[in-house]
Amino acid sequence: MRTQQHSKDSYDVVVVGGGAAGLSAALILGRSRRSVLVVDAGEPRNAPAAHMHGYPSRDGMAPGAFLAEVRREIAAYGVELVRGRVTAAEPDGADAFDVTLADGGLVHARRLVVATGLVDELPDLPGVAERWGNDVIHCPYCHGWEVRDQAIGVLYSQASGSHQALLFSQLSHDVTLFLDGADEDDLPDADWQLLAAAGVSVVSGKLDGLVVTDDALSGVRLADGREFARSVFVVPPRMTPRDSLLTALGARTKDTPAGPFTDVDPTGLTSVPGVWAVGNATGPAEQVVNAASAGYRAGATLNAELLHADLARAAERRKEGVFSPEGERAVARARTARAGSVGA
Ligand SMILES: Cc1cc2nc3c(=O)[nH]c(=O)nc-3n(C[C@H](O)[C@H](O)[C@H](O)COP(=O)(O)OP(=O)(O)OC[C@H]3O[C@@H](n4cnc5c(N)ncnc54)[C@H](O)[C@@H]3O)c2cc1C
């Protein structure tokens, strides 16, 4: 399964990143009898969470157990997986890539799948980092059901506005939006109306930090000393793609509300021929099931692209006469003899 060393120097495909997206691509490529190496640094985004939700048939499973299961599945198809970090990927000048690992190793790959995920930068508020993925959360679909009916605080940001508070009001009647020093006038009138209709309270004033009691969030403290009892706090992380390999290869980016992300077509193909990108590396909203789906599509498309590239090359060789007329006749004679022997 997870080995320290790869067995070859050259693969059809190197998959960079062994989260849901990368492993899903590897699974479909392995099942297509491609030689595949997955290089994974082992820092999946949802590692701080105890449970993964919203993946049909795997709802509530531990994220680590889910990945371990997929690793077992890809190993059955001969896919190799090493713990390591890819530091560079460069075109080799002949329709393939040289891939450098942090340990100095060099691997050759005909095609690349970059599935490196993203980094969540948390707001710089005391207590947030310590409780991230536990009672400090970001996503109503990942953790919302689990915190239903609780006292939920939501941290305002200009980017998310009132959106998260409104979504969480679907899950609890006790939701408070903390403006954290933002001007009340920053919120458009329409937002105030929606917040009022949803029954969301709004608290102005700068925040000082979270209050934790017996290893559980118990409140939110303002700089003026006031405390509000809350057992859940929703924050908007700044999401930055781990895309240094892609930008170094010259992949085009697109603007999203969360900033620039690598631009891919519906199959995950980037603007760089031979390089696919999938999962959170390509967008902030790629949940586990979407990441796995993107990996599947990329794996299948890439397999077909390699097949046709090889067949086109073979057809070209025939045209160039690499197969001599004598050789072709010999093959035909052998075929005729075989056909004749069946009927004899
Ligand atoms: C706290 C939290 C809870 C979440 N809960 C849920 C949930 O319940 N349900 C849900 O659907 N989604 C959830 N998500 C979102 C989920 O984490 C992502 O959808 C998912 O991880 C995306 O998969 P991925 O394969 O794109 O990236 P990741 O899972 O982040 O995997 C990327 C992998 O690439 C590796 N890597 C990065 N750079 C390199 C490199 N240069 N070389 C080698 N390897 C590299 C990383 O170490 C990592 O292992 C949650 C997110 C957070 C933050």
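Would you be able to tell me the number of residues in the stretch 31-61 that are among the aliphatic types (A, V, I, L, M) and either open to solvent by 20 Å² or more (accessible area, probe 1.4 Å) or assigned to a loop (DSSP other than H, G, I, E, B) (or both)?
5
Among E286, E316, which is the only one that is modelled with pLDDT under 95, farther than 24 Å from E90 by Cα and in contact with a Gly (Cβ under 6 Å, 6 or more places away or on another chain)?
E286
Can you tell me how many residues within the stretch 123-134 are within 13 Å of the ligand (Cβ to nearest atom) and among the small types (G, A, S)?
Here the count works out to 2.
Let me confirm something: among A165, A151, which residue is touching a Lys or Arg at 6+ places or on another chain (Cβ under 9 Å) and among the hydrophobic types (A, V, I, L, M, F, W, C)?
That would be A151, the only listed residue that is touching a Lys or Arg at 6+ places or on another chain (Cβ under 9 Å) and among the hydrophobic types (A, V, I, L, M, F, W, C).
Conditions: (1) open to solvent by less than 20 Å² (accessible area, probe 1.4 Å); (2) more than 10 Å from the ligand (Cβ to nearest atom); (3) of a type in the set (V, I, T). I28 meets all but one. Number of the miss?
Only one criterion in (1) open to solvent by less than 20 Å² (accessible area, probe 1.4 Å); (2) more than 10 Å from the ligand (Cβ to nearest atom); (3) of a type in the set (V, I, T) is unmet by I28, namely (1).
Could you list, in sequence order, the residues of the stretch 135-158 that are β-branched (V, I, T) and within 11 Å of the ligand (Cβ to nearest atom)?
Answer for the stretch 135-158, where residues must be β-branched (V, I, T) and within 11 Å of the ligand (Cβ to nearest atom): V136, I137.
Before we move on, is A298 surrounded by 10 or more Cβ atoms within 10 Å (Cβ to Cβ), outside the structural domain of S24 (by TED's automatic domain parsing) and out of contact with any Cys (no Cβ under 6 Å at 6 or more places or on another chain)?
No.
Residue pairs, Cβ under 6 Å, 6 or more apart or interchain, first in the stretch 194-209 and more than 17 Å from V128 (Cβ to Cβ), second at pLDDT below 95. List them.
L195/S162; S204/E184
Can you find, within the stretch 210-222, the residue that is nearest to F178 (Cα to Cα) among those that are open to solvent by less than 30 Å² (accessible area, probe 1.4 Å) and touching a residue at least 60 places away in the same chain (Cβ under 8 Å)?
Filtering the stretch 210-222 for residues that are open to solvent by less than 30 Å² (accessible area, probe 1.4 Å) and touching a residue at least 60 places away in the same chain (Cβ under 8 Å), the one nearest to F178 (Cα to Cα) comes out as V220.
Residues in the stretch 230-275 that are over 30 Å from G127 (Cα atoms), open to solvent by less than 40 Å² (accessible area, probe 1.4 Å) and not in a loop (DSSP other than H, G, I, E, B): how many?
5
Looking at D103, D120 in this structure, which one is more than 11 Å from the ligand (Cβ to nearest atom) and of a type outside the set (S, T, Y)?
After ruling out the rest, the residue left standing is D103.
The values are calculated or read from the model by the stated rules, or taken from the named source; none is laboratory data. The structure presented is a predicted model; accordingly, all values stated were derived computationally and were not measured. Methodologically, a virtual Cβ is constructed for each residue, glycine included, from the backbone with ideal geometry; neighbour enumeration extends over all protein chains shown. Remember, those area values only see protein heavy atoms, side chains included, never the ligands or the DNA or RNA. Shrake-Rupley method; radii C 1.70, N 1.55, O 1.52, S 1.80 Å.
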